[in-house]
Amino acid sequence: MDTRAVVWSGPKQAEYRTVSLGEPKPGEVLIESAYSLVSPGTEREWLTSDESHAVLGRTFPFIPGYSVAGRIAALGEGVTGLAVGDRVVAGPPVGSHAAHVIAPVGTVFPVPDDVPLRSAVFFNLGATAAHTVRLSGVRLGDSLSIVGQGPIGLLATQIAVAQGAWPILALDLDPDRRKAALTHGASFAADPTDAAFTETLAQVGGGTRATIDLSGVSAGINTALQVTAPLGTAVFSSGMTAPVTLDYGSLFVKGLTVIGALVAVRPAEMKQDTENFLRLVATGAVTTPARDEDVHDPATAAQVYQRVLDGDRTLTAPLFAWRPEL
């Protein structure tokens, strides 16, 4: 079958065009898309060159995107537990920025009735956030720093609040993001480059039991190492493949444990993290971005991705609206 899709035709090039999709094979599901979600930090990295998205096993051209929400349009042979018309989210490695998406059934998850598809499409970012909080090992009353308060960082802050972490130190260079973190439950919010940051750090005992880096930049990774207390845990979840120079002194002298948090390497946990996130959204413990200016016509993909490449910080959680009425 033919459908409309966003295509990365080459480095730093995005187009909106008709593509041939085919039909779902055994073990696959065809989804009619309501929304697909752009992850600015990760997709900016992957759009720059074939080398930057080698982890995907694809070269240009291809349909990007790994978060889609919609309804099942058809089932491949052997798929059970799902039905045509079901509201679902899916996270295939590529292919989500399209009006129709074929996804392996293992990447497809039902959406609770009381969760709007516009909120549910954040499941992949939410699952990543839940995954990092779980890997950090924080329990009720444990202190936690979260470096980077973009969409995933803000979700992680809310999940950590729901889990009972305290105090929570939210770090970001952007004052609006710091304000949002405080609104969503962070105990403190600070700019780690500010001269007064040492005073803020002293308010959480000079360091936190665990730290999560979701900044997307090497400086954020080293900030995470610096603010983690001795014998603490630093969880890295910035989607970078380029070499990074680490503050080895902080890591070694403090005896830190460092964990890489790419959720794809722990597929057995993806289902749990997704279900936990959707349950928190359903109960109101976690809210997703809801600005009208974040919703884009897929036909404007070239402009949206130019803003992504330019590092436009006002483009925080862009969605492509395919059939919002689903």
>> Taking the Cα centroid of the range 47-125 and of the range 146-188, what is the distance between the two, rounded to the nearest whole Å?
In response: 27 Å
> Just the Cα atoms of the range 1-94, one point each, no solvent: what log10 I(q)/I(0) does Debye give at q = 0.23, 0.25 Å⁻¹?
Replying inline: -1.24, -1.34
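If r is the Cβ-Cβ distance from residue 283 to residue 240 and R0 is 30 Å, what FRET efficiency results, to the nearest 0.05?
Values: r = 33 Å, r/R0 = 1.11.
My answer for the efficiency is 0.35.
How much of the pair distance distribution for the range 133-237 lies past 19 Å, counting alpha-carbon pairs only, in percent?
Values: 1606 of 5460 pairs.
Percentage above 19 Å: 29.
I'd like the antiparallel share, as a percent to the nearest 5, of DSSP beta bridges with both residues in the chain. Intermediate values should be presented prior to the final figure.
On the way: 32 of 54 bridges.
Percent antiparallel among DSSP bridges in the chain is about 60.
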> Antiparallel as a % of all DSSP beta bridges within the range 52-189, to the nearest 5?
Replying inline: 55 percent
>> Can you work out the Karplus-derived ³J(HN,Hα) for every residue in the range 272-289? Use 6.51 cos²θ - 1.76 cosθ + 1.60 with θ = phi - 60°, whole Hz, and x for glycine or proline.
In response: 4, 5, 5, 4, 4, 5, 5, 5, 5, 5, 4, 7, x, 5, 10, 10, 9, x
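Charges at C-beta only: +1 for Lys and Arg, -1 for Asp and Glu. How large is the resulting dipole of the chain about its Cα centre, in Debye rounded to 20? It would help to have the intermediate numbers written out before the result.
Values: 23 positive and 32 negative charges, 88 e Å.
With Lys and Arg at +1 and Asp and Glu at -1, about 420 debye.
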> Where does the charge balance sit around residue 228 when Lys and Arg score +1, Asp and Glu -1, over other residues with C-beta under 15 Å from its C-beta?
Replying inline: -1
>> Quick check for you: with a 1.4 Å probe and neighbouring chains kept, what is the accessible area per residue of the chain, in Å²?
In response: 43 Å²
> Could you work out the helix-only [θ] at 222 nm for the chain, with each DSSP H run of four or more residues adding -39,500 (n - 2.57) and the total divided by the number of residues, to the nearest 500 deg cm²/dmol?
Replying inline: -8500 deg cm²/dmol
> Taking only C-alpha pairs under 8 Å that are 6+ residues apart, what is the relative contact order of the range 22-146 in percent?
Replying inline: 30 percent
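Once the mean 1/r over all distinct Cα pairs of the range 197-252 is inverted, what Kirkwood radius in angstroms do you read off? Mind showing how you got there, number by number?
Details: mean 1/r = 0.0860 Å⁻¹.
For the range 197-252, inverting the mean 1/r across all distinct Cα pairs yields 11.6 Å.
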> Amide H neighbours of residue 34 under 5 Å, counting only residues 5+ apart in sequence or on other chains, H built in-plane at 1.01 Å?
Replying inline: 69, 70, 71, 323
>> Could you tell me how far the Cα centroid of the range 1-39 sits from the Cα centroid of the range 233-256, in Å?
In response: 36 Å
> Each label point is 7 Å from the Cα along the Cα-to-Cβ direction; what then is the distance between the points at residue 176 and residue 18, in nm?
Replying inline: 3.9 nm
> Cβ under 15 Å from residue 159's Cβ, residue 159 left aside: what net charge do those residues give with Lys, Arg +1 and Asp, Glu -1?
Replying inline: -1
> What's the carbon and sulfur percent of the chain's accessible surface, probe 1.4 angstrom, rounded to a whole number?
Replying inline: 55 percent
> Applying the Karplus parametrisation 6.51 cos²θ - 1.76 cosθ + 1.60 with θ = phi - 60° to the phi angles of the range 256-262, what ³J(HN,Hα) value in whole Hz is obtained for each residue in order, glycine and proline being reported as x?
Replying inline: 6, 9, 10, 10, x, 10, 5
> Which Rg and Dmax, in Å, describe the Cα atoms of the chain?
Replying inline: 19.6, 61
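Compute the relative contact order of the chain as a whole-number percentage, counting only Cα pairs closer than 8 Å that sit 6 or more residues apart in sequence.
20 percent
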>> Output wanted: per-residue J couplings in Hz (rounded whole) for the range 222-234, from phi through Karplus 6.51 cos²θ - 1.76 cosθ + 1.60, θ = phi - 60°, x for Gly and Pro.
In response: 6, 4, 4, 5, 6, 8, 7, 5, x, 6, x, 10, 10
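Quick one: compute the contact order of the range 233-300, relative version, from alpha carbon pairs under 8 angstrom and 6+ residues apart, as a percent. Please report the intermediate quantities before stating the final value.
Details: 29 pairs, mean separation 18.6, N = 68.
The normalised contact order for the range 233-300 reaches 27 percent.
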>> Counting other C-beta atoms within 10 Å, and keeping those with at most 16, which DSSP coil trypsin sites (Lys or Arg not before Pro) do you find in the range 1-99?
In response: 12
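The values are calculated or read from the model by the stated rules, or taken from the named source; none is laboratory data. Only a predicted model underlies this, so the values are computations on that prediction, with no experimental measurement involved. With ideal geometry, Cβ positions are generated from the backbone for all residues, glycine too; neighbour counts draw on all protein chains shown. Each accessible area value is taken on the protein alone, full model and side chains, heavy atoms only, with ligands, DNA and RNA left out. Shrake-Rupley method; radii C 1.70, N 1.55, O 1.52, S 1.80 Å.
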